Amino acid sequence: MNGLLILTALLCFFSIYGLSDGFLVSLKSNELTVNGNCKIEDGRITLNDNQCSFLSTVLDKGEYRVKMDYKSEGNVSINIFSSKYVDENNVAGKSFAYSNLETSVMEQEFEVALDKRISDFEFYFSGSGVIEIKDISINYIGKYYNDNSICKILLVVFLILLVIINFSRKFRETLLDRNNFYIFALLIIIFVIVSLPVLGSNSLHNPPFQDLEYHLNRIQGLADAIRTEHFPIRIHSSEFGYYGQAESVFYPELFIIIPAVLRLSHMSIMNSYRIFELIINASTIIIAYISFKSIFRSKKVGLAGATLYTFSIYRLTALYVRAAVGEFCAMIFFPLLVWGIYEMFFGNEKKWWLSSIAMTCILQAHLISTELSAIVCVFFGIMHLPMLLKNKGRFISVIKAVTFFILLNLWWLIPFLDFSNTGIGISDLRVGIQEPMIKEIWKLFAVFYPLDAGNQMPFSVGLLLFMGGCSYLTLQFKNSFRNIPYNKQGLLLVCFVAVLFWGSTAYFPWNNSFAILKSIGSTLQFSWRMISIATVLLTIVCLLQINYLNKSKKINLVIGCVFVFSILLASPIIGRYQQAIPVVATKTYRANVDDDRYTLGGWYFPANTEIYYLYYEPGTVKSNQELEITNFKRRGSHLSFEFNNDAENNVLELPVLFYPGYEVKVNEKPVPIRISKNNLIELELNRSEGRITLDYVGKLSYIICDLISVISLVLLVSIIVKENKL
């Protein structure tokens with residue numbers, strides 16, 4: 001077993017290790033596009049006393065060597081420039097290098113030093129004549145990535161942990177059990193097979209209009225925020241030209257801290273995400289196995305459940321096709337939630353904390369998945385309400401689980417509700433379910449699925465799980481099966497799954513019926529998200545049948561068939577991942593946190609913000625009357641500058657979006673702030689000189705909720721430890 005674990009660790013290590021730690025990007029002539037009053041044809045740019053720009057790119061702080069290979073005819077000059085750079089005097093625009101492109105010289109080289117990240121590092125041509133760009137390379141001077149070093153550290157840490165575990169007598173005794181060895185070996189094989197798209201690729205793939213680039217942007221934004229902000233983080237202050245974006249308030253980020261910390265350590269964002277995917281697969285397998293094994297008191301059933309769930313089509317679609325980070329993180333804990341519900345209603349009600357932990361993790365991964373999970377919990381509670389009212393202990397355990405779930409997440413829930421109450425991040429509840437919608441029922445159990453976006457993406461729950469649900473119904477004709485414990489619960493799950501399938505399609509009256517359905521549909525956004533919950537419920541239905549055969553000689557054959565067919569039916573996604581889906585990111589990919597494409601149409605901005613105006617407007621301080629600014633500085637949400645003000649009543653607009661919790665001080669004294677015409681922070685200035693500072697400090701209510709959640713976490717841990725000792 002130790003050998004298998006080490007071999008798997010080495011496989012993961014060498015899939016990440018080995019690429020250069022330097023940074024070099026190159027623009028070829030066939031990739032050239034220009035903006036401005038000039039024309040391009042066959043890679044030749046023609047200017048007629050005008051100006052144009054090309055190659056707007058993102059560069060981090062540091063020193064770079066820029067090399068340009070060209071052919072020039074006429075009087076052409078080049079200016080390497082950023083229009084959004086704001087200097088210490090509050091002046092926008094900076095030139096980093098300038099040169100005339102002489103006809104006799106075929107190559108130019110510049111050294112550029114950047115004191116902060118630049119999102120619009122551009123090349124401007126001006127003059128008259130013709131220039132042909134053969135190649136432009138941008139080379140970071142020094143070591144840019146720490147991928148190889150971090151990989152070595154992670155491998156060493158894993159090996160040290162393995163040695164420590166081997167000192168455990170319980171672990172050694174477990175390994176001596178042959179059945180345990182086979183179980184663990186198969187779990188490792190499951191991990192390797194389901195991770196093949198990660199292990200066999202040096203790039204990230206995603207169809208157009210899917211979510212990968214957005215989440216890479218979130219990871220980069222969170223990494224910047226960890227570097228500059230206080231915990232808990234509310235605002236990604238570095239995003240959108242430092243105007244800031246309240247992503248942390250509306251999209252929980254507990255789990256993407258993992259790739260963000262790797263990125264913070266100067267690992268490439270591509271490999272940070274790939275390691276994150278490996279962790280996701282490993283966590284899903286482990287939690288699914290432990291949860292299903294605990295419910296059915298069988299390792300073999302636990303193995304079958306981990307196989308079915310890990311290779312489930314919707315999970316693989318969320319992971320590899322859609323790059324739906326929130327959903328595939330939440331799906332890790334669906335089996336844990338099922339286990340927690342089982343213990344509260346049928347098992348040991350003292351393990352109510354399993355449900356609290358599961359729902360907390362689901363909430364901290366994805367808000368919509370939390371809504372779906374809550375629907376399941378409420379449905380199950382209503383169906384078993386008479387039993388709960390008769391059993392005081394189980395009813396109290398449900399109350400405890402709900403209470404601790406709320407208390408543990410109060411630190412996130414109160415700011416979310418407060419921001420929403422101000423009109424930020426609120427969706428129109430009259431919109432209802434959006435397209436795409438499932439119009440062909442067969443897509444719910446399709447075998448071959450196009451790996452694309454929109455109506456062409458996979459919507460399948462998987463043929464194996466669908467057949468499992470059908471076979472469960474046919475087995476009701478068999479008395480011995482119909483009389484087994486929990487059979488009625490299985491029927492209840494099948495009926496609920498049927499409703500979920502109906503709700504996943506265009507044939508459910510989401511938008512043509514009661515207002516409450518339209519409101520729920522608006523929060524779900526897409527009806528096919530219900531397939532995620534149907535996946536774990538159908539897995540339980542399948543396991544009820546496998547558990548029925550647990551003492552039969554057929555059990556090993558059944559598990560073998562589950563293992564083989566799960567892999568075969570998942571192969572269209574696992575096997576075609578690299579061939580069928582376009583490459584989105586390589587090691588040199590840099591997420592542009594200023595790009596307006598990642599604002600999601602202003603979802604996390606104050607209502608009616610003119611996004612495109614801000615995108616093209618440099619982040620300078622603006623005033624109604626003349627104002628002299630010096631020593632202008634920004635670091636994260638902190639902004640400060642010194643001023644000389646000749647006007648008696650000047651109005652200043654600071655380049656920061658107005659979110660609850662900002663504080664502005666003039667000469668160390670807090671002053672009232674208000675929202676400007678375009679939702680930025682505005683204040684009145686009546687001082688002739690001094691210093692202005694802006695910081696995000698939150699609210700007192702947020703701090704109180706933070707303390708309550710921390711105390712609740714400590715209390716929950718003590719309860720778990722106490723119960724385990726008992």
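At a glance:
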{"read-out": "Exposure ranking of 161, 59 by accessible area [1.4 Å probe, largest first]", "value": "161, 59"}
{"read-out": "Evaluated over region 356-430, the Cα radius of gyration and Dmax, each in Å", "value": "14.8, 44"}
{"read-out": "Given charges at beta-carbon only (K, R positive; D, E negative), |dipole| of region 572-705 in Debye", "value": "820 debye"}
{"read-out": "Surface per residue (accessible, 1.4 Å probe) for region 40-165, Å²", "value": "48 Å²"}
{"read-out": "Calculated P(r) of the chain - Cα pairs past 52 Å, %", "value": "19 percent"}
{"read-out": "Cα-based radius of gyration of region 549-687 once divided by 2.2 N^0.38 Å, which approximates compact folds", "value": "1.94"}
{"read-out": "Gain upon complete extension [residue 442, residue 611; 0.36 nm per residue less C-alpha separation]", "value": "56.7 nm"}
{"read-out": "Rg to Rh quotient for region 34-185, alpha carbon positions, Kirkwood Rh", "value": "1.36"}
{"read-out": "Among 387-393, 354-360, 686-692, the order from most to least packed when residues are scored by Cβ within 10 Å on average", "value": "354-360, 686-692, 387-393"}
{"read-out": "Accessible carbon and sulfur surface of the chain relative to its total accessible area, %, 1.4 Å", "value": "60 percent"}
{"read-out": "For region 31-82 versus region 426-500, the gap between their alpha-carbon centres in whole angstrom", "value": "54 Å"}
{"read-out": "Solvent-accessible area per residue for region 609-687 (1.4 angstrom probe, square angstrom)", "value": "52 Å²"}
{"read-out": "Gained length - residue 556 relative to residue 596, 0.36 nm times residue gap less alpha-carbon distance", "value": "9.0 nm"}
{"read-out": "Cα-based helix-to-principal-axis angle, 178-194 vs the chain, degrees rounded to 10", "value": "40 degrees"}
{"read-out": "The chain, helix-only ellipticity at 222 nm - DSSP H runs n ≥ 4, -39,500 (n - 2.57), divided by all residues, nearest 500", "value": "-14500 deg cm²/dmol"}
{"read-out": "Binned Cα-Cα distance frequencies in region 305-457 - 10 Å width, integer %", "value": "10, 30, 32, 23, 6, 0"}
{"read-out": "Two-decimal log10 I(q)/I(0) for region 290-370, as the Debye equation yields it once each C-alpha is a single scatterer, q = 0.16, 0.24 Å⁻¹", "value": "-0.63, -1.11"}
{"read-out": "Projected-area average for region 469-523 over all orientations - Cα convex hull basis, square nanometres", "value": "4.9 nm²"}
{"read-out": "Computed accessible area, residue 442, all protein chains, 1.4 angstrom probe, square angstrom", "value": "140 Å²"}
{"read-out": "Residue 723-residue 167 pseudo-label distance in nm [points 7 Å out on the Cα-to-Cβ vector]", "value": "3.1 nm"}
{"read-out": "Protein-only accessible surface order, largest first, of 293, 39 at 1.4 Å", "value": "39, 293"}
{"read-out": "Convex hull volume per residue in cubic angstrom - Cα atoms of region 230-351", "value": "142 Å³"}
{"read-out": "Surface/4 of the Cα convex hull for region 635-679, nm²", "value": "3.9 nm²"}
{"read-out": "For region 437-452, 3J(HN,Hα) per residue [Karplus equation, 6.51 cos²θ - 1.76 cosθ + 1.60, θ = phi - 60°, Hz, x = Gly/Pro]", "value": "10, 7, 9, 10, 4, 4, 5, 5, 10, 5, 9, 10, 10, x, 8, 8"}
{"read-out": "Value of Rg to Rh for region 174-310 (Rh from inverse mean 1/r over Cα pairs, i.e. Kirkwood)", "value": "1.09"}
{"read-out": "Relative packing of peptides 469-482, 194-207 - highest average C-beta neighbours within 10 Å first", "value": "194-207, 469-482"}
{"read-out": "With eigenvalues of the C-alpha gyration tensor scaled by 5 and rooted, region 391-442, Å", "value": "32, 24, 9"}
{"read-out": "Inter-part distance where region 383-414 and region 221-269 are each reduced to a Cα centre, Å", "value": "33 Å"}
{"read-out": "Over region 497-578, volume per residue of the alpha carbon convex hull, in Å³", "value": "119 Å³"}
{"read-out": "Estimated distance in nm for a label pair at residue 152 and residue 488, the labels positioned 7 Å out from Cα along Cα-to-Cβ", "value": "6.4 nm"}
{"read-out": "Peptides ranked, highest mean first, by Cβ atoms within 10 Å: ranges 262-275, 89-102", "value": "262-275, 89-102"}
{"read-out": "Two-site FRET efficiency, residue 515 against residue 228, from Cβ-Cβ distance with R₀ of 30 Å, rounded to 0.05", "value": "0.10"}
{"read-out": "Principal-axis tilt of helix 392-408 within the chain, Cα atoms, nearest 10 degrees", "value": "10 degrees"}
{"read-out": "Dipole of the chain, positive end: most advanced residue of 194, 223, 704 [Cβ charges, Cα centre]", "value": "194"}
{"read-out": "FRET efficiency estimate (nearest 0.05) - Cβ-Cβ, residue 60 to residue 100, R0 41 angstrom", "value": "0.90"}
{"read-out": "Residue-span extension gain [residue 383 to residue 110] - 0.36 nm each, minus C-alpha spacing", "value": "91.1 nm"}
{"read-out": "Neighbourhood charge, 12 Å Cβ-Cβ cut-off, centred on residue 613 and excluding it, Lys, Arg +1 and Asp, Glu -1", "value": "-2"}
{"read-out": "Mean projected area in nm² (Cα convex hull; one quarter of hull surface) for region 659-726", "value": "6.8 nm²"}
{"read-out": "Tail weight of P(r) past 20 Å, computed on alpha-carbon pairs of region 408-495, percent", "value": "64 percent"}
{"read-out": "Viscosity 1.002 mPa s, 20 °C: Kirkwood-radius Stokes-Einstein D of region 511-627 over Cα pairs, µm²/s", "value": "102 µm²/s"}
{"read-out": "Per-pair calculated FRET efficiency, R0 = 56 Å: residue 41 and residue 707 via Cβ, rounded to 0.05", "value": "0.30"}
{"read-out": "Percent of alpha-carbon pairs separated by more than 20 Å within region 93-170", "value": "61 percent"}
{"read-out": "Descending semi-axes in whole angstrom, ellipsoid equivalent of region 544-600, from the Cα gyration tensor", "value": "44, 15, 9"}
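The values are calculated or read from the model by the stated rules, or taken from the named source; none is laboratory data. Bear in mind the structure is a predicted one, so any value in this text is a computation, not a measurement. Quick reminder, even Gly has a Cβ in these numbers, built from the backbone with ideal geometry, and neighbours come from all protein chains shown. Remember, those area values only see protein heavy atoms, side chains included, never the ligands or the DNA or RNA. Shrake-Rupley method; radii C 1.70, N 1.55, O 1.52, S 1.80 Å.
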